[in-house]
1. Which of the residues spanning region 130-148 are in a loop (DSSP other than H, G, I, E, B), of a type outside the set (D, E, K, R) and under 18 Å from the mean Cα position of the chain (by Cα)?
2. Of the conditions (1) loosely packed, with under 15 Cβ neighbours inside 10 Å; (2) touching a helix residue (DSSP H, G or I) at 6+ places or on another chain (Cβ under 8 Å); (3) of a type in the set (Lys, Arg), Arg145 clears all except one; give me its number.
3. Going through Phe97, Phe73, Phe106 one at a time, which residue ends up being over 13 Å from the mean Cα position of the chain (by Cα), loosely packed, with under 14 Cβ neighbours inside 10 Å and over 16 Å from Thr15 (Cβ atoms)?
4. State which residue is nearest to Ile77 (Cα to Cα) when the search covers only region 90-128 and only residues that are β-branched (Val, Ile, Thr) and part of a loop (DSSP other than H, G, I, E, B).
5. Could you pull out the residue among Ala153, Ala134 that is surrounded by 15 or more Cβ atoms within 10 Å (Cβ to Cβ), within 17 Å of Tyr85 (Cα to Cα) and without any contact (Cβ under 8 Å) to a residue 24 or more places away in the chain?
6. From the list Ile77, Ile86, exactly one residue is under 14 Å from Thr6 (Cβ atoms), at pLDDT 85 or above and not in a strand (DSSP E or B). Which is it?
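The values are calculated or read from the model by the stated rules, or taken from the named source; none is laboratory data. Being a predicted model, the structure only gives us computed values, none of them experimental. As a convention, Cβ positions derive from the backbone with ideal geometry for all residues, glycine included, and neighbour counts pool all protein chains shown.
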Amino acid sequence: MRLVVTGTVGAGKSTFIRSVSEIAVVDTDRVATDETAAFKKKTTVAMDFGRLQFAPEMALHLYGTPGQSRFDFMWDILIRKAHAYILLVDAHKPKDFREARKLLAFMQQRVEIPMLVGLTHMDCKGAWSAENVAIALGFVDENNRPPFVTLNANQRDSVIEALIALVEHFVKCSMV
């Protein structure tokens, strides 16, 4: 099963994959040379790849996208063959919500596959509630929004819970 982990710069995509991958993560991190350099030294320029054996007959292949829109050609390549995806949103950076919404629109224009929103940094000062983030992303109708989960990309168990929620959502959508 191919799962894409996407989101804005610094939302936790690479950390998410590193937290659960059972293989050495393939990454394309390079020294940040744009505004990203102000808050992190390296950034993903193509993709991250990790693997998790989820069950005896089921392996999850995790593909992490770059966060900057200038690499949207990679978003397109990675999402085309995905079975589902998770959009990571840094809940304490409301200035990034507009970019997250653009990224979401980009994905939705290309595929109709199950997705969920993973809220990161919920423990940080100024973090928005799940309800307010949902509204900021354009999910005003509670009955017509994807599942939202709170996670800590640094904690393996938290990431695994998010992956379980995503796989369960995929299975549920496949049965409809």
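1. Correct list: Leu137, Gly138, Phe139, Pro146, Pro147.
2. Evaluating Arg145 over (1) loosely packed, with under 15 Cβ neighbours inside 10 Å; (2) touching a helix residue (DSSP H, G or I) at 6+ places or on another chain (Cβ under 8 Å); (3) of a type in the set (Lys, Arg) leaves (1) as the failure.
3. Result: Phe73 is the single residue among Phe97, Phe73, Phe106 that is over 13 Å from the mean Cα position of the chain (by Cα), loosely packed, with under 14 Cβ neighbours inside 10 Å and over 16 Å from Thr15 (Cβ atoms).
4. The residue in question is Val111.
5. From the options Ala153, Ala134, the qualifying one is Ala134.
6. Ile77
To keep it simple, each residue is scored yes or no on (1) within 20 Å of Met107 (Cα to Cα); (2) surrounded by fewer than 22 Cβ atoms within 10 Å (Cβ to Cβ); (3) at pLDDT below 90.
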| residue | (1), (2), (3) |
| --- | --- |
| Thr6 | yes, no, no |
| Arg30 | no, yes, yes |
| Thr33 | no, yes, yes |
| Met47 | yes, no, yes |
| Pro56 | no, yes, yes |
| His61 | yes, yes, no |
